[in-house]
Structures are given as structure tokens and as C-alpha cells.
């Protein structure tokens, strides 16, 4: 059975000795990852489960899938879907207002996507409620990563920046 690697990232705020970082990491399988915007590569290990973070009592889980039928490798177009699960573990009601994605391919190309809500929705999550959605992204290379944040507001007007975990987009067999 082949194992898949992925890169686990975390916010620099969790590491008191780092404040701003730009990192170029060369991996043995020729993937160059460029990480910016206060993110730091923690480790590389085998991927067996979906990625998960909990920020401000909001759990975000993400898993990705390669869409071979929508991709065209001869034209450097690799299409991926991802499934996001949000759960409010806090005691306050929150509304997802905006999203900010940072998408990096193995060529070092970085794309940022910002917008209102997700898939045309601005879900409201009461305590212990869940919300799921599916969306997609495309790359010019067979391997990349996605990460980002959601801006949420609580019913008392407090703004929360919720971390979307760093996860891998990879054509099966490209990372062994």
C-alpha cells in the first residue's frame, strides 16, 4: 500500500519565536512549497485522515479528492474537489461571513481567493450545530496545498478568525 504525504501547517501565532516567515522547503519528491502569510510548515507525515483545526471553538475538517474526469494533465490542468465540515463547539452562535484561501501549487504559484460566505451561503451555526459543503479548485501542477481562514461573527458582534487547516491537493501516485 502506498502512503501519501501531506504538509501540516499552523499559524505562526502558536510559535512565539516566529512573527513573519517566508519558507521555501525542498522535499525529496521535488515539491517546492512556498509558504507565506504568517504560516510555518510544522512537519511532513503520512496522510490517513482528514485535516482538522479548532479555533475559537469552531472545528474545521477538510478532505480533498482528485477529479480525473475534469482534469487535463497534457494542458497542465489538475482539478480537485474538497469537502469541508464545520462544527460549532462553543457556547455562542456564529455566522460565517467571509472566506480567504491561499492555494499554492508545486511550481510555486500562489493564488488567493477571498469572498463572502461559502458556495453562496453565509451559514449560521448555533452551539453544537454543523455545516458541510463541497467546492473545488484547480492547479497547473499535479501537487499543491490549500489553507486559509474564515471570518465569523458571533451574535454579540465579536469577529473571529477561524483557521482552515492546511491540506494537500495531489494526483494519486504523485506523492509516495
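Quick notes on this one:
- Scanning region 110-122 for residues that are surrounded by fewer than 17 Cβ atoms within 10 Å (Cβ to Cβ) and touching a strand residue (DSSP E or B) at 6+ places or on another chain (Cβ under 8 Å) yields 110, 111, 112, 113, 114, 115, 116, 117, 119, 121, 122.
- Taking region 133-162 as the range and being in contact with a strand residue (DSSP E or B) (Cβ under 7 Å, 6 or more places away or on another chain) and closer than 12 Å to residue 96 by Cα as the test, the residues that pass are 149, 150, 151, 152, 153, 154, 159, 160, 161, 162.
- Number of positions in region 99-109 that are within 22 Å of residue 157 (Cβ to Cβ) and either out of contact with any strand residue (DSSP E or B) (no Cβ under 7 Å at 6 or more places or on another chain) or crowded, with 17+ Cβ neighbours inside 10 Å (or both): 1
- Meets criteria (within 20 Å of residue 50 (Cβ to Cβ), in contact with a helix residue (DSSP H, G or I) (Cβ under 6 Å, 6 or more places away or on another chain) and in contact (Cβ under 8 Å) with a residue 12 or more places away in the chain) for residue 143: no
Here's the yes/no breakdown for (1) closer than 30 Å to residue 174 by Cβ; (2) in a loop (DSSP other than H, G, I, E, B):
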site	(1), (2)
69	yes, no
80	yes, no
85	yes, no
97	no, no
114	yes, no
137	yes, no
145	yes, no
156	no, yes
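- If you go through region 117-135 and keep only what is under 22 Å from residue 51 (Cβ atoms) and assigned to a loop (DSSP other than H, G, I, E, B), you end up with 117, 119, 123, 128, 129.
- When we screen 94, 84 for residues that are over 15 Å from the mean Cα position of the chain (by Cα), surrounded by 14 or more Cβ atoms within 10 Å (Cβ to Cβ) and in contact (Cβ under 8 Å) with a residue 40 or more places away in the chain, the only hit is 94.
FYI, it's all coordinate maths here, none of it is from the lab. These numbers were taken from a predicted model, which means no experiment stands behind them. Note: ideal-geometry Cβ built from the backbone for every residue, glycine included; neighbour counts use all protein chains shown.
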